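Report on one structure; see the data block that follows.
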Amino acid sequence: MSRKILGLTAALTAVLLLAACLPKPSPPTETPLPVAVEEQAAAGDTGGSAEEASTDAAANSDNQPAPPAIDSQALFDANGCANCHGADRQGQLAPALLPETLTKDPSIYVNTITNGRNRMPAFGEELTPEEIEALVQWLMTPAE
């Protein structure tokens, strides 16, 4: 009887640990164009000479907001990475993710995050390639 309880307890613990590593949905990262830009593009309005268009394009590119910076630590926390790898990246249920422990080519870590490996789930559907790349670059930097 006690072996059955021990076995059930071990199985339940394993299920709970795996559930903690499942990714959480992330908000969309696509930034919509301002309405005026969308309307102008839809109308095909270039307005003026090629020189004016060139000057306008340069001015508009300077006025366009830069894409938002990717907060890699927030991605790490929001997607449950800290549940397995530790909030301080020192390791917990899964290996430590510090530069001194990540000795392989960064593309290997991009592939692991994208496609998963062993008990680690794949995040290729939840994160964009840019987010995954930023996350790997952050992992390759010393902890603060």
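The values are calculated or read from the model by the stated rules, or taken from the named source; none is laboratory data. All values derive from a computational prediction rather than experimental measurement. We place every Cβ from the backbone using ideal geometry, glycine too, and count neighbours over all the protein chains shown.
So which residues in the stretch 69-80 are of a type in the set (A, V, I, L, M, F, W, C), part of a helix (DSSP H, G or I), closer than 11 Å to LEU135 by Cα and touching a residue at least 40 places away in the same chain (Cβ under 8 Å), if there are any at all?
LEU75, PHE76
What do you reckon, is ILE113 surrounded by 14 or more Cβ atoms within 10 Å (Cβ to Cβ) and part of a helix (DSSP H, G or I)?
Here the answer is yes, as ILE113 does meet what is asked.
In the stretch 111-129, how many are among the aromatic types (Phe, Trp, Tyr) and on the phi > 0 side of the Ramachandran plot?
0
Going by what's in this entry, would ALA69 be described as under 13 Å from the mean Cα position of the chain (by Cα), at pLDDT below 90 and small (Gly, Ala, Ser)?
Yes: the conditions hold for ALA69.
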